[in-house]
Amino acid sequence: AALGWGLLYAVEGKIYRFVSIPTNFLVFAASNVFSAVLLAYFFKMPIDFSPYVSHPQRLLAWLVLPFAMIGTIFLHLTIKNVSPSYGALGEISYVLLTPLFAWLLFGQKQLNQNMLIGAAFILIGLYFVISGQAHKSALPGA
């Protein structure tokens, strides 16, 4: 997955010079429909919208939509206006945010000592990359 997303972000960094983000979103929407049909056919996964209407936890299913929209919009604005690398850097924080939200929202403990150590190294690395870029930008002629 990381290979595909890394390639995608690098290419989007170039195409956003001549393709608008909304246009790209619509192309993605079409590709997502195609991907859903392929998954349903080849992996025998049903396409069933009834949980969005009748499942007791349907609100969670609906909450995915605005969360995905907000994250996607900010990611693509970062790719276009800053750089694909910084868009990817922001996503690295998933390793800490996902278990944090799982615990806060659902009481699920998904963090262990190794994940905490890894997350700390990632956050320290993010600090060095971002502060180094900020220092470079502050230099005359940068």
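The values are calculated or read from the model by the stated rules, or taken from the named source; none is laboratory data. All values reported here derive from a predicted model rather than from experimental measurement. Note that each Cβ is placed from the backbone with ideal geometry, even for glycine, and that neighbours are counted across all protein chains shown.
Condition check: among the aliphatic types (A, V, I, L, M) and surrounded by 11 or more Cβ atoms within 10 Å (Cβ to Cβ). Does Leu65 satisfy that?
Criteria not met by Leu65.
Being among the basic types (Lys, Arg) and within 30 Å of Thr78 (Cβ to Cβ) is the filter here, so list the residues in the range 15-59 that pass it.
Arg17, the sole residue that qualifies.
Cβ-Cβ distance below 8 Å, separation of 6 or more or different chains: which pairs start in the range 1-16 with a residue that is surrounded by 13 or more Cβ atoms within 10 Å (Cβ to Cβ) and end on one that is assigned to a helix (DSSP H, G or I) and of a type in the set (Val, Ile, Thr)?
Tyr9/Ile79; Glu12/Ile79; Gly13/Ile79; Tyr16/Ile79
Specify which of the listed residues (Ile92, Ile79, Ile117, Ile122) is among the aliphatic types (A, V, I, L, M) and either more than 24 Å from Leu3 (Cβ to Cβ) or in contact with a His (Cβ under 9 Å, 6 or more places away or on another chain) (or both).
None of the others qualify; the one that does is Ile117.
Find the residue count for the range 92-103, including only residues that are surrounded by fewer than 16 Cβ atoms within 10 Å (Cβ to Cβ) and assigned to a helix (DSSP H, G or I).
7
Rundown of residues vs (1) in a helix (DSSP H, G or I); (2) surrounded by 11 or more Cβ atoms within 10 Å (Cβ to Cβ); (3) not hydroxyl-bearing (Ser, Thr, Tyr), yes/no style:
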{"site": "Ala61", "(1), (2), (3)": "yes, yes, yes"}
{"site": "Leu75", "(1), (2), (3)": "yes, yes, yes"}
{"site": "Ile79", "(1), (2), (3)": "yes, yes, yes"}
{"site": "Gly90", "(1), (2), (3)": "yes, yes, yes"}
{"site": "Leu105", "(1), (2), (3)": "yes, no, yes"}
{"site": "Gln108", "(1), (2), (3)": "no, yes, yes"}
{"site": "Leu111", "(1), (2), (3)": "no, yes, yes"}
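Go over the candidates Leu77, Leu3, Leu7 one by one and state the one that is within 13 Å of the chain's Cα centre (by Cα) and either modelled with pLDDT of 95 or more or under 24 Å from Gly125 (Cβ atoms) (or both).
Leu77
So in the range 3-46, with the set limited to residues that are among the hydroxyl-bearing types (Ser, Thr, Tyr) and assigned to a helix (DSSP H, G or I), which one is farthest from Lys80 (Cα to Cα)?
The selected residue is Tyr41.
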